[in-house]
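Written below as structure tokens is the structure these notes are about.
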């Protein structure tokens, strides 16, 4: 064996080292090392000493049997530690306590590691071949195991108690030596030799238990004494501190476990009491707009499984209560006041609901970080009170009226375009909460028709804008008719130009009256009752002329005249001064009768015009009992009766040159509801047939729920209504009941 | 017999199901021929006793006569059962073939024998399997028109009393009361008719604890159920 040592090389033929002799030599090295560790005055090892020790081991291991002492040296290596620990280390530790013990332990551990490092270098040769050959633990491990078995196992429990005591001390606000604790806990980790078992079983589990009971005690007194915000502040602080604790001296793996325990004791156990605290709990915070506290509540409960559910629930209840209060307010005002003030109140309600939505949406986004639970809570809350009726008007109607007020002339002219756009945007969002969307559509359509036909629309762009928004939210089918209506008006204007041209080219056809006709496409517009009033001859001519013109443009189309929507400008030749009267076509028909006769009885007018009593009374009332008395009524009572007679009021005058004589609008509500109900019946039929056609066989409950789902975009179908339609479909042989199971239905092709 | 039912128009009509045929199976063996011919003679003789000679069928008058001979009221369920047995198609009329069919099945050829056979017939019809069929038949029998598929309330009330009165007295009484005061329905469909039978058989009465609005009971029974509950409260 050749070996290089420094600059010299040796040849074989070395002297055999005897075990006892060799070990004595090694002992000198070990003793020297111990002295260094004990802090006694002792110079460090120089390289020659180190080499001698190393070589001694090497030689003793490579000698020929029976002088190969590997096994014995391996054992003596361990014994060296054991001896040192038993004689010096352990006694030193056992005589100390608490923090002093901890310090001693850290020192002794550090020393031990140094000892292991050095000795394993001296005995290194064993690591190279011997341990592998015999599958024995390497020297490093042997060294550590000695400490573990002799020192750690003896003391870890006592140490753990001391550490925990210090932790609790720190929790109570006292300063402690964090670096010391870190070093102590590092021992637990290192002693595991790659596994966290020792740390977890011998320290962490106890620490967690202790922490839990510590916080349990704190929580039980805080929950009694503190308000909800204060308690939350404390909790937040505690969690922060515990995280810091982990960062400073606990092992990082303890963090989630520790946090979970603290959260549990502070926030889970007392969740209910905390949230429901009478004057400071969640409800109170919402009531008093305590945004910061609510944000904190969200932060704290967000990380706890199912922690946010109760908060979201209280939020939902709160918003619902606020919404209900608004509705109730409007209802109360409406029942106590006159009709027109009441309707203003209803419009105020919509504004307030929009404001409520804005307010709580901010909460959802900012306090509750747009969490789905809170979006859902807000949605469900609004769905509850947005579907309530106020003074007989459904929310669908109220919303449609609100839109009408914004879009009509004289409605919201004070608002900027931006403000109007913004409001329309919000209104459409509100529609999402209303279940009877089809009812809204019908009311909207009726009012849109009125705006378009009587030129009461304030701004074309806004009209189109809201239709676009409605289309985006509810789909093309929702707005197709309305869009058709708006287009009709544009076409009508073009048509009118052609008509005037036609009249220009055919002077003989000219009826002598300025005539404007708006042709509507039947499918788009609401259905209007129109009955054959006997028109004055002048108007009859107009109708015929237009018909003639229209036939030059399109054949195969039928024109149905809706006189109830017409407007007429009449010149009233009163004694004092002539005044232009802007009236409806019907009113004009009544007035024109007086061109030929001075006085007419109710029945005369009735027979001449061929109207219903209801309509005639309305007409005559508007002309003789309202603000402008164009006709004098005999007797001059406040209402029209069938025995009255009427005369042209030549004495009538007004300071204006032109006056509008309005007809009070007929209540469209009943008709709208009827029309919508009818459409719903068809829609339910179609949905049932569609579903059954694709499924062929389906159980009753499933059919009903699928039906409800399919129709939910437009309305919430009544279960009874669905059942009724199903029975109708059975009678019409679209469906049949299954013979075996009467709760199943079959599609009949 | 209950009075005939009212008409309604159908959107899609199934062909009116006929449950009888007028053609008789032709007896094959000649030895049988003589015997069955003789038997048939007897039946036809009996038939002619009650039939209207010009129309060739037993008409309502003939049935009245038959009833008085049998000593049963013409509103007795047994006559309806007889109609069922003979698969009679038209209310108030028995054809020759129908007559023969019933008498053959009952193995009778005189009025006296027929009268004796009626209780047996009733027992047979009341067997659960037969009764369901009979119950449905009773409804169809009251329809006068091929295009018609429902019966007016008044007729239904009488029919219910006749057909279910003896077995489900309580249910029939209450339901009839309800039918008379409600306004939702002016006529009853086959589905509703069968639904009520199912109701009587499945639902404990009058507590109705096993009734559920979630199931596919006809709406009229849901309404009946709610009306009963209100009364009981």
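The values are calculated or read from the model by the stated rules, or taken from the named source; none is laboratory data. Note that the structure is a prediction, hence the values are computed from the model and not measured. Using ideal geometry, Cβ is built from the backbone for each residue, glycine included, and neighbour counts are taken over all protein chains shown.
For the reader, a short list of remarks on this structure follows.
- The single condition among (1) modelled with pLDDT under 85; (2) assigned to a helix (DSSP H, G or I); (3) closer than 22 Å to residue B:164 by Cβ that residue B:80 does not meet is (1).
- Single match in B:223, B:210 (criterion: part of a loop (DSSP other than H, G, I, E, B) and either more than 10 Å from chain A (Cβ to nearest Cβ) or within 29 Å of the chain's Cα centre (by Cα) (or both)): B:210
- Answer from B:105, B:136 - the residue that is within 14 Å of chain A (Cβ to nearest Cβ), surrounded by 14 or more Cβ atoms within 10 Å (Cβ to Cβ) and assigned to a helix (DSSP H, G or I): B:136
- Members of segment A:714-726 that are more than 9 Å from every other protein chain (Cβ to nearest Cβ) and over 13 Å from residue A:689 (Cβ atoms): A:714, A:715, A:716, A:717, A:718, A:721
- The residues listed here are A:473, A:496; of these, the one that is surrounded by 12 or more Cβ atoms within 10 Å (Cβ to Cβ), free of Cβ contacts under 8 Å to residues at least 40 places away in the same chain and part of a helix (DSSP H, G or I) is A:496.
- Of residues in segment B:188-207 being outside any helix (DSSP H, G or I) and more than 10 Å from chain A (Cβ to nearest Cβ), the one nearest to residue B:161 (Cα to Cα): B:188
- Sole exception among (1) at the interface with chain B (Cβ under 10 Å from one of its Cβ atoms); (2) surrounded by fewer than 20 Cβ atoms within 10 Å (Cβ to Cβ) for residue A:729, by number: (2)
- For segment A:671-694, the condition holds for no residue, the condition being that it is surrounded by fewer than 17 Cβ atoms within 10 Å (Cβ to Cβ) and over 30 Å from residue A:523 (Cα atoms).
- Enumerated helices (runs of 4 or more DSSP H) restricted to segment A:568-626, each holding at least 3 residues that are surrounded by fewer than 18 Cβ atoms within 10 Å (Cβ to Cβ): A:602-609, A:613-624
Conditions (1) within 19 Å of residue A:713 (Cβ to Cβ); (2) touching a helix residue (DSSP H, G or I) at 6+ places or on another chain (Cβ under 8 Å); (3) in a helix (DSSP H, G or I), marked per residue:
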{"residue": "A:388", "(1), (2), (3)": "no, yes, no"}
{"residue": "A:405", "(1), (2), (3)": "no, yes, yes"}
{"residue": "A:422", "(1), (2), (3)": "no, no, yes"}
{"residue": "A:429", "(1), (2), (3)": "yes, yes, yes"}
{"residue": "A:433", "(1), (2), (3)": "yes, yes, no"}
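- Yes/no for residue A:739 being within 13 Å of chain B (Cβ to nearest Cβ) and in contact with a helix residue (DSSP H, G or I) (Cβ under 6 Å, 6 or more places away or on another chain): no
- Boolean, residue B:131 is more than 14 Å from chain A (Cβ to nearest Cβ), surrounded by 16 or more Cβ atoms within 10 Å (Cβ to Cβ) and in contact with a helix residue (DSSP H, G or I) (Cβ under 7 Å, 6 or more places away or on another chain): yes
- Test: residue in segment B:166-182 that is within 14 Å of chain A (Cβ to nearest Cβ) and within 26 Å of residue A:725 (Cα to Cα): yes
- Unmet requirement for residue A:199, which otherwise passes all of (1) under 30 Å from residue A:69 (Cβ atoms); (2) part of a helix (DSSP H, G or I): (1)
- Hits in segment B:20-66 (condition: more than 17 Å from residue B:103 (Cα to Cα), assigned to a loop (DSSP other than H, G, I, E, B) and at pLDDT 55 or above): B:52, B:53, B:54, B:55, B:56, B:59
- Some residue of segment A:506-516 being crowded, with 17+ Cβ neighbours inside 10 Å, modelled with pLDDT of 90 or more, out of contact with any strand residue (DSSP E or B) (no Cβ under 6 Å at 6 or more places or on another chain) and farther than 30 Å from residue A:440 by Cα: yes
- Restricted to segment A:265-382, the set of helices (runs of 4 or more DSSP H) holding at least 2 residues that are within 30 Å of residue A:424 (Cβ to Cβ) comprises A:308-336, A:339-362.
- Under the condition of being crowded, with 20+ Cβ neighbours inside 10 Å, in contact with a strand residue (DSSP E or B) (Cβ under 9 Å, 6 or more places away or on another chain), within 24 Å of residue B:203 (Cα to Cα) and more than 14 Å from chain A (Cβ to nearest Cβ), the residues counted in segment B:139-165 number 2.
- Restricting attention to segment A:662-711, the residues that are touching a residue at least 12 places away in the same chain (Cβ under 8 Å), more than 14 Å from every other protein chain (Cβ to nearest Cβ) and out of contact with any helix residue (DSSP H, G or I) (no Cβ under 9 Å at 6 or more places or on another chain) total 2.
- Qualifying helices (runs of 4 or more DSSP H) (wholly inside segment A:24-131; at least 1 residues being within 27 Å of residue A:179 (Cβ to Cβ) and free of Cβ contacts under 8 Å to residues at least 40 places away in the same chain): A:90-94, A:98-122
- Given (1) under 15 Å from residue A:663 (Cα atoms); (2) free of Cβ contacts under 8 Å to residues at least 24 places away in the same chain, number of the condition residue A:635 does not satisfy: (1)
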